[in-house]
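The values are calculated or read from the model by the stated rules, or taken from the named source; none is laboratory data. If you're wondering where the values come from, they're calculated on a predicted model, not measured in any experiment. Positions of Cβ are backbone-derived with ideal geometry, glycine not excepted, and every protein chain shown enters the neighbour counts. We work out accessible area using only protein heavy atoms, side chains counted, and drop any ligands, DNA or RNA first. Shrake-Rupley method; radii C 1.70, N 1.55, O 1.52, S 1.80 Å.
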Amino acid sequence: MTRLAANLSMLFTDAPFLDRFDRAAAAGFEAVEFLFPYAHSIDEVKARLDRNGLSLTLINAFAGDWAGGERGFAARPSKTAEFAASLNQAIDYATGLGCPRIHVMSGITADEPDASACEAAWMGNMRLAADRTANAGLEVSIEPLNTRDMPGYFLAHQDAALDLIGKLDRRNVRLQFDVYHAQIMDGDIIRRIERLKGAYGHVQIAGVPDRHEPDTGELNYAAIFEAFDRVGFDGFLGCEYNPRGRTEDGLGWAAPFLTQKGA
């Protein structure tokens, strides 16, 4: 059964962050995800989740100077201290907010002089992340990002990410399968959903190529939703797209999957 989570870093952005929880619940979402909650206290965020009866499916660990182009630390050999600090902070927030998983970003490594050192840093940092999150009962998500939107990012392909996850040998590290990024880089989405069954712990969706609502662009999301159902994926699908206008005005495609609260 298709279940949707609103990504509050990209949807309802005409409202302040904390007010987006109210908007998501009013639109019929039962769950949310977002990138970085760290500008607000755990208590502030938890109060908005609780008053709206929302589940939280995913947060990101702090990824550095976002406006300046940083996209995480895991594969950056000179940033191990920053990585450890961001991990500790994310675990505190995830446990305090009842969130089951943390997306740990690998970072931009195109300018790093030694690719093998980047992989070694990634392995060491991700083992640390896996072990610390396991102690807290949490899962770690690893997401490949497409080279058009994120040139120089450490991971771009699904199979490469799975190879590294296999080398980690940690049961709580899983693929974050973003259909938008996967279509741009790898394609063959239906067969990939089937072939990678059980490897991904979280899924995100958007239209391709423009990252708008899923009912736009080249992908048949009705077939994609059926494929996820067919392989038994029972998690939420994170709606991580840029609305063409006001978020509520573009939710017609999602109406069959949302609770009816007057959206």
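If the condition is being touching a Gly at 6+ places or on another chain (Cβ under 8 Å) and open to solvent by 50 Å² or more (accessible area, probe 1.4 Å), then segment 151-174 contributes only 174.
The set of residues in segment 11-22 that are out of contact with any helix residue (DSSP H, G or I) (no Cβ under 7 Å at 6 or more places or on another chain) and crowded, with 20+ Cβ neighbours inside 10 Å contains only 20.
Do any residues in segment 195-211 that are open to solvent by 50 Å² or more (accessible area, probe 1.4 Å) have Cβ atoms under 9 Å from those of residues that are among the polar types (S, T, N, Q), where the two are at least six apart or on different chains, and which pairs are they? Partner pairs satisfying both residue conditions: 209/183; 210/216; 210/242.
Scanning segment 62-93 for residues that are of a type in the set (A, V, I, L, M, F, W, C) and farther than 21 Å from residue 117 by Cβ yields 62, 66, 67, 90, 91.
Which residue out of 257, 177, 228, 236 is without any contact (Cβ under 8 Å) to a residue 60 or more places away in the chain and either surrounded by 15 or more Cβ atoms within 10 Å (Cβ to Cβ) or among the hydroxyl-bearing types (Ser, Thr, Tyr) (or both)? Walk me through it before giving the result.
Details: 257 fails: without any contact (Cβ under 8 Å) to a residue 60 or more places away in the chain; 228 fails: without any contact (Cβ under 8 Å) to a residue 60 or more places away in the chain; 236 fails: without any contact (Cβ under 8 Å) to a residue 60 or more places away in the chain.
One residue alone meets the criteria, 177.
Conditions (1) in a helix (DSSP H, G or I); (2) modelled with pLDDT of 95 or more, marked per residue:
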| site | (1), (2) |
| --- | --- |
| 89 | yes, yes |
| 92 | yes, yes |
| 96 | yes, yes |
| 99 | no, yes |
| 113 | no, no |
| 117 | yes, yes |
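Within segment 23-36, does at least one residue satisfy the condition of being more than 17 Å from residue 99 (Cβ to Cβ), at pLDDT 95 or above and within 19 Å of the chain's Cα centre (by Cα)? No, the conditions are met nowhere in segment 23-36. Count, please, the residues in segment 239-254 that happen to be open to solvent by 10 Å² or more (accessible area, probe 1.4 Å) and under 20 Å from residue 57 (Cβ atoms). Residues meeting the conditions: 5.
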